[in-house]
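The values are calculated or read from the model by the stated rules, or taken from the named source; none is laboratory data. None of these values were measured; they are calculated from a predicted model. Backbone-built Cβ (ideal geometry, glycine too); neighbour counts: all protein chains shown.
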Amino acid sequence: MGNARCLVAAIALGFIGPAAAHAQAYSDRHIEIGGGIGTVAAWLFGEYVGHISGGDLRITLPVAARGDLEVLGALGRNPGQSTEKLGFYAGQFRLLFQERANAVQPFMTFGAMGIFAHSAEYGSDLTAPLITFVGAGVQRRLTRHLIVRGDAQSMLLIFVPFGVRVAGGVSIPIGSTR
């Protein structure tokens, strides 16, 4: 289990390191730290499996004129399951439809996620990021240092849709914004 965690951390650092260095080139956009609340609902072979509701944390790194790399972590609970904590970790690319940060800015997301679970009875489990997703959202800049956003994604396992994620939250740009 320790080797799997090291592999995930190494892959994440491989993506984040170059992106953070490259993010300096986009002076009108900044790194953002955000959080939100949301829910994930899943179906298996057409039958409703359950849902997880909770909060998430997000770091957004500008990597292109209209694109950002986002790293997410979410933690929640499923009232019908025996696991005490259930969540996911994900990496996604956010494609902005407009280059300039207007008041309302639509975007598209796609990426991959892995799931983790913890129970006092069974211990902890971590899956590889084998779940892919694609979605869309919209964000609105309320002030220079506050952005509100909402997004929804369809989750796929080997090209088979099996769930949806809906979330809303806020982001705070780090550094001065014009």
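Where residues in the stretch 61-72 are at pLDDT 90 or above and among the hydrophobic types (A, V, I, L, M, F, W, C), which of them is nearest to G168 (Cα to Cα)? Please lay out each step first, then the result.
Start the filter on the stretch 61-72 by keeping residues that are at pLDDT 90 or above, which leaves 61-63, 67-72.
Still in the list and also among the hydrophobic types (A, V, I, L, M, F, W, C): 61, 63, 69, 71-72.
On the way: L61: 19, V63: 23, L69: 18, V71: 16, L72: 13 Å.
So, considering only residues that are at pLDDT 90 or above and among the hydrophobic types (A, V, I, L, M, F, W, C), the one nearest to G168 (Cα to Cα) is L72.
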(message) So, restricting to strands (runs of 3 or more DSSP E) that lie completely within the stretch 64-162, which ones have at least 1 residues that are in contact with an Asp or Glu (Cβ under 9 Å, 6 or more places away or on another chain) and surrounded by 17 or more Cβ atoms within 10 Å (Cβ to Cβ)?
(response) 67-77, 85-96, 104-119, 131-143, 146-157
(message) Looking at the stretch 102-120 only, could you name the residues that are hydrophobic (A, V, I, L, M, F, W, C) and farther than 16 Å from F133 by Cβ?
(response) A103, V104, F116, A117, A120
(request) Scan (1) in a strand (DSSP E or B); (2) modelled with pLDDT under 90 for the single condition R178 breaks and write down its number. (result) (1)
(request) For T143, state whether it is polar (S, T, N, Q) and in contact with a Gly (Cβ under 8 Å, 6 or more places away or on another chain). (result) no
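Condition check ((1) over 14 Å from the mean Cα position of the chain (by Cα); (2) modelled with pLDDT of 80 or more; (3) among the hydroxyl-bearing types (S, T, Y)) across all residues:
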position: G46; (1), (2), (3): yes, no, no
position: S53; (1), (2), (3): yes, yes, yes
position: I59; (1), (2), (3): no, yes, no
position: A74; (1), (2), (3): no, yes, no
position: S82; (1), (2), (3): yes, no, yes
position: L86; (1), (2), (3): yes, yes, no
position: L95; (1), (2), (3): no, yes, no
position: Q98; (1), (2), (3): yes, no, no
position: A101; (1), (2), (3): yes, no, no
